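*Asks:* What follows is a structure written as structure tokens; I'll ask about it next.
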Amino acid sequence: MTFQDLPAGAAVFLDANTLVYHFEPHPVLGLPCTDLIERIENQDLRGFTSAHVVTETAHRLMTLEACAMFGWPYPGIAQRLRGHPAQVQSLTRFRQAIQELPRYAIHIVPIAAHLPDAAAQISQQTGLLSSDALVVAVMQEHGLTNLASHDADFDRVPGLTRYAPA
């Protein structure tokens, strides 16, 4: 199913790739992600994400901005940034994106202390990597079943409906 299939009034959890494709428009997936966020902003949908997804989004946006600004290749970009703190300090787009989230009426939910252990159990049950398993644990904690993500790994999770950009 795609984002367009989300019924009006539905609650949907936004994965990091959906936010990244909105803020750094992907040539194919960017427009559907922006349309989804506009539906949330217009209160046609109720949008949620978590604090850890926001930091994942910020990290990815930071690395993309650094590659574009400094002409660095993407492989090894995190290590390169660690060695160039002055360049990290000059990056701004990732922070602007974080500051825009409340404007879109996307609710950022916290990570409760017991959820990392729940995520570890989900990883063992489904084979999801820990960050994706934490998405599932947060969704379960808040009674959410709809996920906006391009990541097909989530299709292995019973009771979760993934909506893709295209």
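*Asks:* Could you check, for segment 80-94, whether at least one of its residues is within 16 Å of residue 53 (Cα to Cα) and either at pLDDT 95 or above or in contact with a helix residue (DSSP H, G or I) (Cβ under 7 Å, 6 or more places away or on another chain) (or both)?
*Replies:* We begin by selecting, within segment 80-94, every residue within 16 Å of residue 53 (Cα to Cα); these are 94.
The next check asks that each one be either at pLDDT 95 or above or in contact with a helix residue (DSSP H, G or I) (Cβ under 7 Å, 6 or more places away or on another chain) (or both); those that pass are 94.
So far as segment 80-94 goes, yes, one or more of its residues are within 16 Å of residue 53 (Cα to Cα) and either at pLDDT 95 or above or in contact with a helix residue (DSSP H, G or I) (Cβ under 7 Å, 6 or more places away or on another chain) (or both).
*Asks:* Being at negative phi and in contact (Cβ under 8 Å) with a residue 24 or more places away in the chain is the requirement here; does residue 33 meet it? Spell out how you get there, then give the answer.
*Replies:* On the way: at negative phi: yes; in contact (Cβ under 8 Å) with a residue 24 or more places away in the chain: yes.
Considered against the rule, which asks whether it is at negative phi and in contact (Cβ under 8 Å) with a residue 24 or more places away in the chain, residue 33 comes out as yes.
*Asks:* Also: In segment 1-33, which residues are farther than 14 Å from residue 109 by Cβ and touching a Phe, Trp or Tyr at 6+ places or on another chain (Cβ under 8 Å)?
*Replies:* 1, 2, 3, 5, 6, 29, 30, 32, 33
*Asks:* Across segment 1-25, which residue is surrounded by the fewest Cβ atoms within 10 Å (Cβ to Cβ) among those that are under 16 Å from residue 155 (Cβ atoms) and among the aromatic types (Phe, Trp, Tyr)?
*Replies:* Filtering segment 1-25 for residues that are under 16 Å from residue 155 (Cβ atoms) and among the aromatic types (Phe, Trp, Tyr), the one surrounded by the fewest Cβ atoms within 10 Å (Cβ to Cβ) comes out as 3.
*Asks:* Can you tell me which of 47, 76, 30 is at pLDDT 95 or above, under 27 Å from residue 130 (Cβ atoms) and surrounded by fewer than 17 Cβ atoms within 10 Å (Cβ to Cβ)?
*Replies:* 76
*Asks:* For segment 128-152, give me each residue that is in contact with a strand residue (DSSP E or B) (Cβ under 9 Å, 6 or more places away or on another chain) and surrounded by fewer than 17 Cβ atoms within 10 Å (Cβ to Cβ). Please lay out each step first, then the result.
*Replies:* Taking segment 128-152 first, the residues in contact with a strand residue (DSSP E or B) (Cβ under 9 Å, 6 or more places away or on another chain) are 134-136, 138-139, 141-152.
141, 142, 143, 145, 152, listed by residue number.
*Asks:* Condition first: surrounded by 14 or more Cβ atoms within 10 Å (Cβ to Cβ) and either in contact with a Ser or Thr (Cβ under 7 Å, 6 or more places away or on another chain) or among the aliphatic types (A, V, I, L, M) (or both). Now tell me which residues in segment 54-73 satisfy that.
*Replies:* 54, 56, 58, 61, 62, 64, 66
*Asks:* Ok, one more. Which residue is surrounded by the fewest Cβ atoms within 10 Å (Cβ to Cβ), if the candidates are limited to segment 86-120 and must be without any contact (Cβ under 8 Å) to a residue 12 or more places away in the chain and more than 26 Å from residue 62 (Cα to Cα)?
*Replies:* Going through the qualifying residues, I end up with 113.
The values are calculated or read from the model by the stated rules, or taken from the named source; none is laboratory data. Remember, it's a predicted structure, so these values are computed and weren't measured experimentally. Don't worry about glycine lacking a Cβ; one is built from the backbone with ideal geometry, like all the others, and counts go over all protein chains shown.
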